[in-house]
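Quick notes on the structure that follows.
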Amino acid sequence: METLKGKIALITGGNSGIGYATAKELKLQGAEVIITGRREDALQKAAADLGVNGFVSDQGRVSAIEELAEKVSAQFGRIDILFINAGVLAGAGIENATERDFDYVMDVNFKGAYFTLSRFIPILNDGASVVFLSSNVASMSGANSSIYSSGKTALNSIMKIAAVELAPRGIRVNAVSPGPTQTEILNKLGLDQASRQGLDDWMIERIPLRKIGAADDVAKMVAYFAGEASGFITGAEIVMDGGMSL
């Protein structure tokens, strides 16, 4: 069903994982989709496979975000859906934290997400929908997660303030907070097969529904926030973690 026909959607970090699944879902629902990514080869392949538009852009650099906004404005005019999805994972315990890891995570997950919203506000149509990809760890207190978790917590705060600031234009701002999800980011942890299986088993044991989430599930929730069915929802965070944070 093409419920988003005539809408233009931008997805940061759309060349893999949740971003890729969301691009596929939004296109299926009729939207014209733009994806971004840092690696040109991966981005162009994903864009070709999906049949969508692709722009190389690094969400960790404000200058790159500003260049992206200019390019999108010049080529597409204004957009209706903004899914701020790009993110990275790193960190350790607080005692052993490094400035490099802190900056790496915060530059993309918080500062980059913040300025993506900031710089794209002028080219959002009135009535547009903005969705942040947050995480269930924003409301949890796990060891060795302080950098990643605090970035997502800050992001949720910005989401709520943006919902208030943009309400006069009818722009809705919400967040989706997945728990463990089978995406490429888990494969980038550098674990061997046995260790990776052990990690999956450890997570599943802590999820009441006894399974790890799928990127397609998150994509459908983003599509819901992008459509008319959620027209009276703003400033909301939807946690999708199978009950893990209960």
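The values are calculated or read from the model by the stated rules, or taken from the named source; none is laboratory data. Just so it is clear, the structure is predicted and the values come from calculations on it, not from any experiment. Every residue, glycine as well, gets a Cβ built from its backbone with ideal geometry; the counts of neighbours run over all protein chains shown.
Overview of values
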{"quantity": "Selection status of Val176, farther than 25 Å from Arg119 by Cα and crowded, with 17+ Cβ neighbours inside 10 Å", "calculated": "no"}
{"quantity": "Residue among Ala214, Ala236 that is in contact with a strand residue (DSSP E or B) (Cβ under 6 Å, 6 or more places away or on another chain), surrounded by fewer than 17 Cβ atoms within 10 Å (Cβ to Cβ) and in contact (Cβ under 8 Å) with a residue 24 or more places away in the chain", "calculated": "Ala236"}
{"quantity": "Of all residues making up the range 228-242, the number that are assigned to a loop (DSSP other than H, G, I, E, B) and within 23 Å of Arg169 (Cβ to Cβ)", "calculated": "6"}
{"quantity": "Every residue from the range 78-92 that is more than 13 Å from the chain's Cα centre (by Cα) and under 25 Å from Tyr224 (Cα atoms)", "calculated": "Arg78, Ile79, Asp80"}
{"quantity": "Answer from Gly17, Gly54 - the residue that is under 12 Å from the mean Cα position of the chain (by Cα) and crowded, with 20+ Cβ neighbours inside 10 Å", "calculated": "Gly17"}
{"quantity": "Total residues in the range 208-227, condition modelled with pLDDT of 95 or more and either within 15 Å of Ser177 (Cβ to Cβ) or part of a helix (DSSP H, G or I) (or both)", "calculated": "12"}
{"quantity": "Close pairs from the range 123-151: first closer than 18 Å to Val33 by Cβ, partner part of a helix (DSSP H, G or I) and aromatic (Phe, Trp, Tyr), Cβ under 6 Å, at least 6 apart", "calculated": "Ser129/Phe225; Val131/Phe225"}
{"quantity": "Matching entry among Ala23, Ala69, Ala86 (being aliphatic (A, V, I, L, M), surrounded by fewer than 24 Cβ atoms within 10 Å (Cβ to Cβ), modelled with pLDDT of 95 or more and closer than 24 Å to Asn125 by Cα)", "calculated": "Ala69"}
{"quantity": "Filter result for the condition that a residue is touching a residue at least 12 places away in the same chain (Cβ under 8 Å), in a loop (DSSP other than H, G, I, E, B) and among the hydroxyl-bearing types (Ser, Thr, Tyr), over Ser177, Ser245", "calculated": "Ser245"}
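Yes/no per residue for (1) within 24 Å of Ala229 (Cβ to Cβ); (2) among the small types (Gly, Ala, Ser):
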{"position": "Tyr20", "(1), (2)": "yes, no"}
{"position": "Ala42", "(1), (2)": "no, yes"}
{"position": "Asp49", "(1), (2)": "no, no"}
{"position": "Asn53", "(1), (2)": "no, no"}
{"position": "Val62", "(1), (2)": "no, no"}
{"position": "Ser73", "(1), (2)": "no, yes"}
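Let's see how each residue does on (1) in contact (Cβ under 8 Å) with a residue 40 or more places away in the chain; (2) touching a Pro at 6+ places or on another chain (Cβ under 7 Å); (3) hydrophobic (A, V, I, L, M, F, W, C):
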position	(1), (2), (3)
Ile11	yes, no, yes
Ala21	yes, no, yes
Phe55	no, no, yes
Gly60	yes, no, no
Ala64	no, no, yes
Glu70	no, no, no
Asp107	yes, no, no
